[in-house]
1. Please name all residue pairs, on different chains or six or more residues apart, with Cβ atoms under 6 Å, provided the first residue is in segment 228-245 and is part of a helix (DSSP H, G or I) and the second residue is modelled with pLDDT of 95 or more and among the hydroxyl-bearing types (Ser, Thr, Tyr).
2. If we scan segment 22-41, do we find a residue that is of a type in the set (D, E, K, R), assigned by TED's automatic domain parsing to the domain that holds Leu172 and under 24 Å from Asn280 (Cα atoms)?
3. What tally of residues in segment 276-301 results from selecting those that are crowded, with 22+ Cβ neighbours inside 10 Å and within 19 Å of Asp370 (Cα to Cα)?
4. Could you pull out every one of the strands (runs of 3 or more DSSP E) wholly within segment 376-480 that has 1 or more residues that are among the polar types (S, T, N, Q)?
5. Among the residues of segment 1-24, how many are more than 13 Å from Gly92 (Cβ to Cβ) and in a strand (DSSP E or B)?
6. Testing Thr410 on (1) under 26 Å from the mean Cα position of the chain (by Cα); (2) surrounded by fewer than 22 Cβ atoms within 10 Å (Cβ to Cβ), one condition comes back false. Which one is that?
7. Pick from segment 198-220 the residues that are of a type outside the set (Gly, Ala, Ser), in contact with a strand residue (DSSP E or B) (Cβ under 9 Å, 6 or more places away or on another chain) and part of a loop (DSSP other than H, G, I, E, B): which of them is surrounded by the most Cβ atoms within 10 Å (Cβ to Cβ)?
8. Glu176: over 23 Å from Leu467 (Cα atoms), at pLDDT 95 or above, in contact with a strand residue (DSSP E or B) (Cβ under 8 Å, 6 or more places away or on another chain) and part of a helix (DSSP H, G or I), yes or no?
Amino acid sequence: MDLNKYFIDGRWVDALGDTRLSLIDPNTEETYGKVALGSDADVDAAVASARRAFPAWSLLDARFRIACVERMLEIYLSRIDEMAKAISREMGAPIDLARQAQAALGQRHMTNYLAAMKDFEFIRPLGLHAPNDRIALEPVGVAALITPWNWPIHQIALKVVAALLAGCTMVLKPSEMAPLSATLFAEIIEAAGVPAGVFNLIHGDGLGAGQRLSTHPDVDMVSFTGSTRAGIAISKASADTLKRVGLELGGKGANLIFADADEKAVERGVRQCFVNSGQNCNAPSRMLVERSIYDRSVEIAASIAKSVAVGPSDQHGAQIGPVISAKQFERIQSLMESGIAEGARLVAGGPGRPADLNRGYFVKPTVFADVSNDMTIAREEIFGPVLSIIPFDNEEQAIEIANDTPYGLTNYVQSQDHERRMRVARRLRSGMVEMNGQPRGAGAPFGGIKASGHSREGGRWGIEEYLEVKSISGWSQVQA
């Protein structure tokens, strides 16, 4: 497999750069293909295509853009099994998870964005006090969309579909470790008849194509999902050209389990931490447990972790698969060792591969107890199936521990006390709070604060990320 073509200006063209990156199967550690890494010339061609297409696309009636996404959704559904296989192959998600969760999110985001467009107003009245004033929401321009490998089509759909509906043109640079799903998505966009130049796809790494996009004078906005370290670098690189920068970064979610939580709260928290082999920015990786139920909760968490199967991603079942790469595997192992060295109590899993797997980037589902919030495993985003359990004595202490982190993406609250849940949710410093296992609703905005970034993706808020606000006076009532 040699991915050496990019989708630019409505055509598949050969990459101009000659650098190739080997694609490694995380199950076997064997090479299954190569992807061409974009050069500055490739990026320039894609940006120029998007710039040319912007005037016409931005002025089209929104109904045309909606029709394009509706066709994309129809074609996507016909190829969703292909998408699941591509995701499973490139980043190691077990095939059932890839189909039921990973690929399904592409469908969900398109559906939710189309619902948000039903009553979306691009021209809005300022207020009754100013009947001749209008607020116009207009596309920001050419957007560079840089997406990660852990939930590849989830992030691609969140960005691409919102930008399309807002009237932006774009260049997508997916993670160089997950190029298959992005290539398939480009084929879907091509088949849907999206006008040439509106969507452009290049492959490349952060230091090459990512850096060029972040500094390019004809790019108006960069939307990035990935590590906090990379987000800081992109912000600095974009500063000289005063681009708008949208960031969805890392997390270190706290899951507050009070003594009156339901009987499934601990199990639910452990399993959610291990979904996608723990490679989730919103994972509840710090479990904060009220001291009166702490010992029993540790026992339950250890038992659940030991029951979680680990196995190859091409097999059906509820197992967790490998992590993405040798680099990520080694980082997780190092952080586990730091937990042991700093005095955390290992109650399940630990360093090394599972006993029945002698190759592949497989990590044991791991639980540490008696963790203090100043330990490395409680401070750093591990991005693997590793849970840290921390005791607390009262509500005030639980909130203090939860907020004592540079991150602020998702926190979780487990309690049967309605007033407590509402009170705690308002005081947690994060962009999202989920309570008692209730997922957030369709179209709810996804994003964080502090070192977790500052953008909002999904639904109405996701579309508004790609719009500028223009204030207009003297608007006639006839036009209104």
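1. Partner pairs satisfying both residue conditions: Ile234/Ser214; Ala237/Ser214; Ala237/Thr215; Ser238/Ser214.
2. Step one: filter segment 22-41 for residues of a type in the set (D, E, K, R), giving 25, 29-30, 34, 40.
With the extra rule that they be assigned by TED's automatic domain parsing to the domain that holds Leu172, the set shrinks to 25, 29-30, 34, 40.
Next, only the ones that are under 24 Å from Asn280 (Cα atoms) stay: 25, 29.
Yes: one or more hits.
3. Number of matching residues: 10.
4. Details: elements: 386-392, 410-414, 432-435, 467-472.
Filter on segment 376-480 gives 386-392, 410-414, 467-472.
5. Step one: list which residues in segment 1-24 are more than 13 Å from Gly92 (Cβ to Cβ), which gives 1-22.
Adding the requirement that they be in a strand (DSSP E or B) leaves 2-3, 5-8, 11-14, 20-22.
Total meeting the criteria: 13.
6. Going through the list (1) under 26 Å from the mean Cα position of the chain (by Cα); (2) surrounded by fewer than 22 Cβ atoms within 10 Å (Cβ to Cβ), Thr410 breaks only (2).
7. If we take residues in segment 198-220 being of a type outside the set (Gly, Ala, Ser), in contact with a strand residue (DSSP E or B) (Cβ under 9 Å, 6 or more places away or on another chain) and part of a loop (DSSP other than H, G, I, E, B), then Ile202 is surrounded by the most Cβ atoms within 10 Å (Cβ to Cβ).
8. On the way: over 23 Å from Leu467 (Cα atoms): yes; at pLDDT 95 or above: yes; in contact with a strand residue (DSSP E or B) (Cβ under 8 Å, 6 or more places away or on another chain): yes; part of a helix (DSSP H, G or I): no.
In short, no.
The values are calculated or read from the model by the stated rules, or taken from the named source; none is laboratory data. All of these numbers come straight from a predicted model, not from anything done at the bench. We place every Cβ from the backbone using ideal geometry, glycine too, and count neighbours over all the protein chains shown.
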